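Novice: Quick one: this structure, given as structure tokens, is what I'll be asking you about.
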Amino acid sequence: MLLNGFKFGMLLQFAIGPVCIFIFQLTSLYGFYIGEIGVLGVTLVDGFYITVATLGIASIIDKKNIRVFLKIFGAAILFIFGLSTILSQFDINFLPSLSLLNITNSSNVFIRAVIITASNPLTIIFWAGIFSAKLAEEKIKRQDIYSFGFGALLSTLFFLTLIALIGSFANMFFPANIIQILNIIVGFLLICFGIRMVRPRGGN
């Protein structure tokens, strides 16, 4: 089940999201060590979400009003991060405390990674659905679900470490103007992720 969880988690990782983009941006600016601190922050939050899902607490937030609030909150976080990232490339301090260019120590990186990962708490409901399906379809024991969840968590650590490595190569080989363009693109992507989070979906 540990291996199954890892393989399933890796499939999910290939659906590139704001956290992946954020880690790449960190390492392209500050190198692998700083990026890996961000990876640890992301992994901690994902671990918390998976634990909450396995304990069945997801039903508490699986209510319409709460879901709407969490979507708006998460979208606002991503929008603010994205706008701050874009403006900081032009030396405009929209929110200086959130600007990646103002990182002064590893704790700042960790906190930013935790905030941007926690911006989508509906992930708990997603994992709860996955675990429920596993229990029903494969008739596995509940303790095996913990192994499955831990394997999925390891995939987060592994995949984002690879992204950090790729970003560190950009840090070493790309000139400053290319890094600036990449950061502007990252900012726009974060804003797009935020808009998509609250955009009404089609269908009946």
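The values are calculated or read from the model by the stated rules, or taken from the named source; none is laboratory data. All values reported here derive from a predicted model rather than from experimental measurement. No Cβ is skipped: glycine too gets one built from the backbone with ideal geometry, and neighbour counts run over all protein chains shown.
Novice: Of the residues I124, I116, only one is under 14 Å from the mean Cα position of the chain (by Cα) and modelled with pLDDT under 80; which?
Specialist: I124
Novice: Another question about this same structure. Look through segment 1-38, keep the residues that are farther than 19 Å from T123 by Cα and either of a type in the set (A, V, I, L, M) or in contact with a Lys or Arg (Cβ under 6 Å, 6 or more places away or on another chain) (or both), and return whichever of them is surrounded by the most Cβ atoms within 10 Å (Cβ to Cβ).
Specialist: So the residue we want is L26.
Novice: Of all residues in segment 159-177, how many are buried (at least 16 other Cβ atoms within 10 Å of the Cβ) and among the aromatic types (F, W, Y)?
Specialist: The qualifying residues number 1.
Novice: Could you please let me know if F193 is in contact (Cβ under 8 Å) with a residue 60 or more places away in the chain and within 13 Å of the chain's Cα centre (by Cα)?
Specialist: Criteria met by F193.
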